[in-house]
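Only one structure is covered here, and it is reproduced in the block below.
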Amino acid sequence: MSKKKNSSGGIVYSTDPNYSYPQEEQEEQATLPPARQQLKVTLDKKQRAGKTVTVVDGFTGTEADLEKLGKDLKTKCGTGGSAKDGQILIQGDYKDKIVKWLQDWGYKAK
């Protein structure tokens with residue numbers, strides 16, 4: 001049975017029908033309590049057709065907790081957005097309001 005390897009040593013293709021590719025396991029980090037979170041709130045217009053987006057960055061925790069915090073912020077602002085890859089994107093300029101709400105909820109936000 002032939003096995004081809006790429007330059008990094010990983011198997012790219014195998015003719016063995018019983019061969020299973022090793023899966024990379026990514027361990028989710030446990031969510032830190034709000035007092036230990038260091039969140040940074042910024043405004044961004046890059047590659048968004050000139051539209052302003054408020055970005056909350058630096059969240060450490062599970063994807064479910066990130067989604068919940070994102071949903072709470074979107075509800076408070078009354079606007080849309082998304083939460084993924086440790087970032088929460090809120091459509092519009094809500095920087096001051098979001099910093100205040102995060103601090104009221106016990107987060108360290110700048």
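The values are calculated or read from the model by the stated rules, or taken from the named source; none is laboratory data. All figures in this text were calculated on a predicted structure; none of them were measured in a lab. Cβ coordinates were reconstructed from backbone atoms using ideal geometry, including for glycine residues, and neighbour counts include every protein chain displayed. In case anyone asks, the SASA skips ligands and DNA or RNA and just uses the protein heavy atoms, side chains included. Shrake-Rupley method; radii C 1.70, N 1.55, O 1.52, S 1.80 Å.
Please report the carbon-and-sulfur percent of the accessible area for region 15-110; probe 1.4 Å, protein heavy atoms only, DNA, RNA and ligands left out.
Carbon and sulfur together cover 46 percent of it.
Of the cross-linked pairs LYS45/LYS84; LYS76/LYS100; LYS76/LYS108; LYS46/LYS100; LYS68/LYS108, which ones have a Cα-Cα span greater than 20 Å in the structure shown?
LYS46/LYS100
By how many nm would the segment from ALA30 to THR60 grow when fully extended, if each residue of separation counts as 0.36 nm and the alpha-carbon distance is taken off?
My answer for the length gained is 10.0 nm.
Which of the peptides 38-47, 65-74, 97-106 is most tightly packed, and how do the rest follow, judged by the mean count of other Cβ atoms within 10 Å per residue?
Highest mean packing first, the order is 65-74, 97-106, 38-47.
Under 5 Å between amide H atoms, partner at least 5 residues away or on a different chain: which partners does THR52 have, H built in plane at 1.01 Å?
GLY92
Could you do me a favour and compute the accessible area per residue for region 52-98, 1.4 Å probe, result in Å²?
Ligands and nucleic acids excluded, the figure is 51 Å² per residue.
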